[in-house]
1. I'd like the residue in the range B:75-106 that is away from DNA strand D (no atom under 16 Å from the Cβ) and of a type in the set (A, V, I, L, M, F, W, C) and, out of all such residues, is farthest from the other protein chains (Cβ to nearest Cβ).
2. Output the qualifying pairs, or none if there are none: Cβ atoms under 9 angstrom, residues six or more apart or on different chains, first residue in the range B:74-90 and under 22 Å from A:Arg170 (Cα atoms), second residue at pLDDT below 90 and among the hydroxyl-bearing types (Ser, Thr, Tyr).
3. Among the residues of the range A:168-198, how many are within 14 Å of another protein chain (Cβ to nearest Cβ) and basic (Lys, Arg)?
4. For the range A:31-59, which residues satisfy the criterion of being assigned to a loop (DSSP other than H, G, I, E, B), in contact with a helix residue (DSSP H, G or I) (Cβ under 8 Å, 6 or more places away or on another chain) and either within 13 Å of DNA strand D (Cβ to nearest atom) or of a type in the set (Lys, Arg) (or both)?
5. What do you reckon, is A:Ser96 small (Gly, Ala, Ser) and modelled with pLDDT of 90 or more?
6. Which residue pairs have Cβ atoms closer than 7 Å, lie 6 or more positions apart in sequence or on different chains, and pair a first residue in the range B:45-56 that is at negative phi with a second residue that is among the basic types (Lys, Arg)?
7. Can you spot a residue in the range A:116-129 that is more than 16 Å from DNA strand D (Cβ to nearest atom), in contact (Cβ under 8 Å) with a residue 24 or more places away in the chain and within 14 Å of chain B (Cβ to nearest Cβ)?
8. Check B:Val109 against each of (1) in contact with a Leu (Cβ under 7 Å, 6 or more places away or on another chain); (2) closer than 23 Å to A:Leu175 by Cα; (3) within 12 Å of DNA strand D (Cβ to nearest atom) and name the one condition it does not meet.
Number of protein chains: 2
Amino acid sequence: MRPPPKDAASDDERPVGRSAPRQFHAEVVYVELRDQILGGQVPAGQRLVEERLAEQFRTSRTPVREALRRLEGDGYLVRGSGGSLEPALPDVESMSEFYDVRIVIEELVVRRATQEHDLPVLEAVRDDWLAMRADLPTRGPSFAGPDFVYTDESFHRRLATASGNGVLARILVDLNDRIRTIRIHDFTTVDRVEATIGEHLEIIDAVVLGDAEAAAAFMRAHVQRSALVVRQRATDARTRMSRRPGGFEEAGPDEVRVPRR
Amino acid sequence: MRPPPKDAASDDERPVGRSAPRQFHAEVVYVELRDQILGGQVPAGQRLVEERLAEQFRTSRTPVREALRRLEGDGYLVRGSGGSLEPALPDVESMSEFYDVRIVIEELVVRRATQEHDLPVLEAVRDDWLAMRADLPTRGPSFAGPDFVYTDESFHRRLATASGNGVLARILVDLNDRIRTIRIHDFTTVDRVEATIGEHLEIIDAVVLGDAEAAAAFMRAHVQRSALVVRQRATDARTRMSRRPGGFEEAGPDEVRVPRR
DNA sequence: CGTTCCGCGATTGTGCACAATTGCCCTCCG
DNA sequence: CGGAGGGCAATTGTGCACAATCGCGGAACG
């Protein structure tokens, strides 16, 4: 995958209705737009114009406005010049900050999950990843793409849910949402996928065995390694692109450099 | 302080305009309404009706709607029957969860603040609390009210800011916002205020001295004590009010029980 | 040729009207 | 007297129109 180079929204039109019990336009726009942003499908400097979005989603400006306001409140959109909204581009420093927080959160997750002893769920997670390791030669390198980011996240999400602390799970999901905006552009290598699977199995095994300390240590190492990959890639991109100190926020590695306006 | 017993919104009317550079109605409504909710000024089952709020804030429904949607997205409002919005009342279990997370967050805060060595800021915080301890006999018991909750929060917020990690600070502020909805109703006793000041000084001293482990330990103990107070009070309220399992969410201790409709 | 100022288009903020849904009350029937 | 059904009021979701504001382009002036 690779986001459509320029106008991500052009061929994305579709009526908004579904068959769900009660789907409000504002809700649909919010969810779909958020996924697009978090999935990296909205180019860097792309201005989100209410009228335009209203056309795409086959609705009026009112529901679009509500969705945009919520996304702005979430911090996924920032106001550019003249009150226009653009996707908030994360910078390298804040990525480090996110990972710092994520480490202690994930440590707490495995400690709580160890206490909780929700064996059925934990073993299901372990089995899934055991199966994944077995299937790895079959699936080939196509598995190692942005899709693997979501697969990876699901591991951490399931663990967080098994921790029994809903607040914890919610914060972790939020952190991953933010981190993903950078991770999604990684071309994860096959050997990194293999390593990740191994690390996940280490962690889940320790949790199943009830060894909180080991699980926490494995988790910490795992997240730190992940942080290292992102940081490394970000540094690479910065030195590759331009010598300017804040170069990374200005344009991603293969991102189309959209002019300010 | 004690929120107006019945209709918190009745005598709260005022025009919405200010002299600030550019104040949108939606923004003003959002901020003020959020502060009212977080400050416990919106009674438990109180339905928030768009038209009513529009009158109070001297504006139309459109900005009110945007504010409500954002508050809903933040989790401060929940949808009741028929799509109406009510303040989200926290339950005891989620309070425990919030405190569990807050402990590891605060530990990270002091560890980072210790590393950061932003001495001027840290010493300013220490001086403020030293002065507070000295002034305590003067200020009398009036100091020990809901206002002290905000004073207490400011300590943790300043420390989080001094940690140099903006993400960390943001999460902590959010956690405190949620916890406050219960804490705000506490009648903090004078001796608890004294103890809190002492604990804060313990923490900040350790941070200034650069002893991360001691600071983390003090912080953990401090937050745990705070959690205990809230948990204790919540349990008291539940057994005092009604025997029903979920009794606490049904009505606060001195909260007017507003009929469903 | 550079600079400044004006006007215009684009876009957002706000108000309002209409449709739809929901819950409640009253009535009617068993 | 109790329960079911219909009508009504209240409230929210949506669309649209108008006003305000901002940025940009062009024209006029130095």
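1. Checking each candidate, the answer is B:Leu89.
2. B:Tyr76/B:Thr181; B:Pro87/B:Thr181; B:Ala88/B:Thr181; B:Leu89/B:Thr181; B:Pro90/B:Thr181
3. 2
4. Residues satisfying the conditions are A:Phe57, A:Thr59.
5. Taking the combined requirement at face value, the residue satisfies it.
6. Within 7 Å, the pairs are B:Gly45/B:Arg260; B:Glu50/B:Arg61; B:Glu50/B:Arg65; B:Glu51/B:Arg61; B:Ala54/B:Arg61.
7. Taking every residue of the range A:116-129 in turn, at least one turns out to be more than 16 Å from DNA strand D (Cβ to nearest atom), in contact (Cβ under 8 Å) with a residue 24 or more places away in the chain and within 14 Å of chain B (Cβ to nearest Cβ).
8. (3)
The values are calculated or read from the model by the stated rules, or taken from the named source; none is laboratory data. Since the model is a prediction, treat every value here as computed from it, not as a measurement. Glycine also receives a Cβ, built like all others from the backbone with ideal geometry; neighbour counts cover every protein chain displayed.
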